[in-house]
Amino acid sequence: MIASGSPLHPIAFKDWRLGLDRQLLIAGPCSAESEEQVVNTAKAIDGLGIVKVFRAGLWKPRTRPGSFEGAGMDALPWLQRVKAETSLLTMTEVATAQHVEACLKAGVDMLWIGARTTPNPFSIQEIADALRGVDIPVFVKNPINPDLQLWIGALERLANAGITRLGAIHRGFSWFERTPFRNSPMWEFPIRLKAAFPELEVLCDPSHIAGSRDKLGGIAQQALDLGLSGLMVEVHQDPDNACSDAEQQLTPKDYKELMDSLIFRQAHPTEGMQDRLQGLRDLIDQLDEEVLQKLGTRMDIAERIGDEKRIQQVAILQPERWDSIMRRMLALSDHLGLSASFVAEFMDAIHRESIRRQSGEQTESQSGGVPMDNKNEKDKVLKNEDPFH
Ligand code: PEP
Ligand code: MN
């Protein structure tokens, strides 16, 4: 159930009046570098027969000054040639009202908002105001920092300006810890966004997550397995000599090979499959209930221990005891085929709740708050209770 309160009412690709379907494939170079590079790459991509939309960045938001910042306005006629000479729709990134106006004038078919622009409400509002009254499809990439509210906020500003054909693109997040990827995928973000707005078309940009050709396939497959709506991939006629993101771009030929190697799943199960899934889902529901009942009992016991500690004036936090519990559970996780990181996170959450109960803090339902079962995902996200926020 979708709760009211958000101006965002997403519509599915099939209602975008552009002949788009899941899984939508968008491909093209990171940057538009020259007319020849843009047109040749577009023709090679068009020839593959699987791509609907051609992407190319005209204004490149570079982290440090001095790198190639795009061909800008001069490249708009190149996109017009792509439109005229191929079957592809065209798409580029906008970050200012000036970009928007130039793209609308040149007849660019779709726009996207980049990861460095999404977190800035002033920029988003400026773009939204420039788009008022023009119903062009717009995709919003996630903000560079892991903040779901900023991502939703940007989509809402555009919805308020009257944009109805709105999509999102998951391109990973800047993260302070080293990860094998250029941007951490943090899949929980697109998952939570879809949970809050089930109709929203969320694509994945595996190029900017992976940051290198060899890791692209794994990320793309994960996105499809999760049921995301398609892929935006960087494709360049000569990736090694690209002016930006050379390590992550594919040749049209390698791109086709990669797409052929991926398994494209249906978003929804067929009827026969529904029955088979239902049996398994019933089992899962039953097990989830048992897990919760056991957790309830566990917390009641923790509270009794808390009473005892209070009477004896013993500190609530007993690090050695917790250390031994954690060790025991991690050893067990190995036997049960559960990942150590999952068990550690799960036990950590239990520990935090135990401490809260032993400190005598009230739970939400004890304090007369809104019972959890009356809230759906969207309410929680909109009320800023998102745990990833
Ligand atoms: C891009 O798509 O080329 C780009 C700059 O992406 P992002 O905003 O995701 O970094
Ligand atoms: Mn790029």
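The values are calculated or read from the model by the stated rules, or taken from the named source; none is laboratory data. Given the structure is predicted, the values throughout are model-derived calculations rather than measurements. Counting neighbours? That spans all protein chains shown, and the Cβs are built from the backbone with ideal geometry, glycine included. Note: areas computed on protein heavy atoms with side chains; ligands, DNA, RNA excluded. Shrake-Rupley method; radii C 1.70, N 1.55, O 1.52, S 1.80 Å.
Along the chain, counting only GluC sites (Glu not before Pro) with a DSSP assignment other than H, G, I, E or B and at most 11 other Cβ atoms inside a 10 Å radius, the longest segment between sites is 178-360.
With coordinates expressed along the principal axes, the C-alpha atoms belonging to the range 1-134 extend over 49, 37, 25 Å, beginning with the largest. Here the chain is treated with +1 on each Lys and Arg Cβ and -1 on each Asp and Glu Cβ, and its dipole about the Cα centre works out to around 300 debye.
Write down the accessible area per residue of the chain in Å², having rolled a 1.4 Å probe over the full set of protein chains. Present the calculation step by step, with values, prior to reporting the outcome.
Details: 19920 Å² over 389 residues.
On a per-residue basis, the chain sits at 51 Å².
Residue by residue, the range 47-63 carries 3J(HN,Hα) couplings of x, 6, x, 10, 9, 9, 10, 9, 9, 6, x, 9, 10, 9, x, 8, 4 Hz when phi is fed to the Karplus relation 6.51 cos²θ - 1.76 cosθ + 1.60 (θ = phi - 60°); x denotes Gly or Pro. Sites counted here are trypsin sites (Lys or Arg not before Pro) in a DSSP loop (not H, G, I, E or B) having no more than 12 other Cβ atoms within 10 Å; the longest part of the chain that contains none of them is 179-382. Ranked by solvent-accessible area (1.4 Å probe, protein heavy atoms only, all chains present), the residues Val291, Val235 order from largest to smallest as Val291, Val235. Tell me, what is the Rg over Rh of the range 250-371, with Rh the Kirkwood radius over Cα pairs? On the Cα set of the range 250-371, Rg over Rh gives 1.19. Residues whose amide H falls under 5 Å from that of Gly57, counting only those 5 or more places apart or on a different chain, are Ser31, Ala32, with hydrogens built in the peptide plane. Remark: spin-label model distance Ala315-Leu283 equals 4.5 nm, labels positioned 7 Å along the Cα→Cβ axis. Averaging the Cα positions of each part gives two centres, and for the range 160-194 and the range 10-49 these lie 20 Å apart. Taking 0.36 nm per residue of sequence separation and removing the Cα-Cα distance, the Ser174/Leu338 pair yields an extension gain of 56.3 nm. Scanning residues 5 or more positions from Trp112 or on other chains, those with amide H under 5 Å from its amide H are Thr92, Glu93, Val94, Phe139, with H placed 1.01 Å from N in the peptide plane.
For the pair the range 258-317 / the range 101-154, the C-alpha centres are spaced 37 Å from each other.
Take the Kirkwood radius over Cα pairs of the range 80-227, plug it into Stokes-Einstein at 37 °C and 0.692 mPa s, and you get 207 µm²/s for translational diffusion. Leu292 sits with roughly 120 Å² accessible to a 1.4 Å probe, with DNA, RNA and ligands left out of the calculation. Annotation for Leu48 and Asp348: the two label points, set 7 Å from Cα along the Cα-Cβ direction, are 3.8 nm apart. Using only side-chain charges placed at the Cβ, +1 for Lys and Arg and -1 for Asp and Glu, the dipole size of the range 9-82 relative to its Cα centre rounds to 280 debye. Across the chain, the mean sequence separation of Cα contacts (distance under 8 Å, 6 or more residues apart), normalised by length, yields a relative contact order of 15 percent. For the chain, the share of accessible area belonging to carbon and sulfur comes to 53 percent (1.4 Å probe, ligands and nucleic acids excluded). A straight chain from Arg132 to Arg62 at 0.36 nm per residue would run longer than the Cα-Cα distance by 22.4 nm.
Using the empirical formula 2.2 N^0.38 Å as the baseline, the Cα radius of gyration of the chain reaches a ratio of 1.15.
Gain on full extension, evaluated as 0.36 nm per residue between Arg298 and Ala97 minus their Cα-Cα distance, stands at 66.7 nm.
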